[in-house]
Amino acid sequence: EGETEFSFLQNMVKERFDVERFAGVFSKGGSGPPPWLDGLAADRQGRQLIYELSGEHKNCLLLNFAIQKILYQGHEGEVASVGSSLSGYFGVFHRLMVTRLRCIAASPPADIPT
């Protein structure tokens with residue numbers, strides 16, 4: 001039942017999400033990120049909603065901030081598995097590339113793919 005409720009809420013958010021409502025949150029005098037963003041980014045289903053919204057609204061600063069927050073929480077693998085819908089975010093690409101290069105640099109030469 002909880003899954004059904006979340007699915008309903010997720011669909012409602014996707015239908016009603018308005019990028020313009022969050023356009024000024026990071027400008028001088030803006031309110032900053034909304035308090036509910038931390039809870040959403042901490043929850044697996046909440047992160048999935050952020051990924052889906054980010055794929056649809058690539059220029060939304062709030063969603064870009066949320067993706068960065070998710071990366072800093074240590075969910076690089078999860079973000080990488082989302083795939084091309086987040087490829088337009090340079091920060092995401094950069095962070096994932098750095099993580100991958102560190103793994104390669106730390107690997108013994110025999111373990112590095114050629």
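The values are calculated or read from the model by the stated rules, or taken from the named source; none is laboratory data. Predicted model only: the values in this text are computed from it and were never measured. Virtual Cβ from ideal backbone geometry, glycine too; neighbours counted across all protein chains shown.
For the stretch 31-45, a tally of residues being buried (at least 17 other Cβ atoms within 10 Å of the Cβ) and more than 10 Å from the chain's Cα centre (by Cα) returns 3. Can you confirm whether the stretch 62-73 contains a residue that is over 28 Å from C103 (Cα atoms), out of contact with any Cys (no Cβ under 6 Å at 6 or more places or on another chain) and not polar (S, T, N, Q)? Yes, because at least one residue in the stretch 62-73 is over 28 Å from C103 (Cα atoms), out of contact with any Cys (no Cβ under 6 Å at 6 or more places or on another chain) and not polar (S, T, N, Q).
Yes or no: V92 in contact with a Leu (Cβ under 6 Å, 6 or more places away or on another chain) and modelled with pLDDT under 75? So V92 passes the test. For the stretch 25-76, the tally of residues that are touching a residue at least 40 places away in the same chain (Cβ under 8 Å) and among the polar types (S, T, N, Q) stands at 1. Take the conditions modelled with pLDDT under 90, of a type in the set (A, V, I, L, M, F, W, C) and part of a helix (DSSP H, G or I) and apply them to L49. Does it pass? Judged against the criteria, L49 is not a match.
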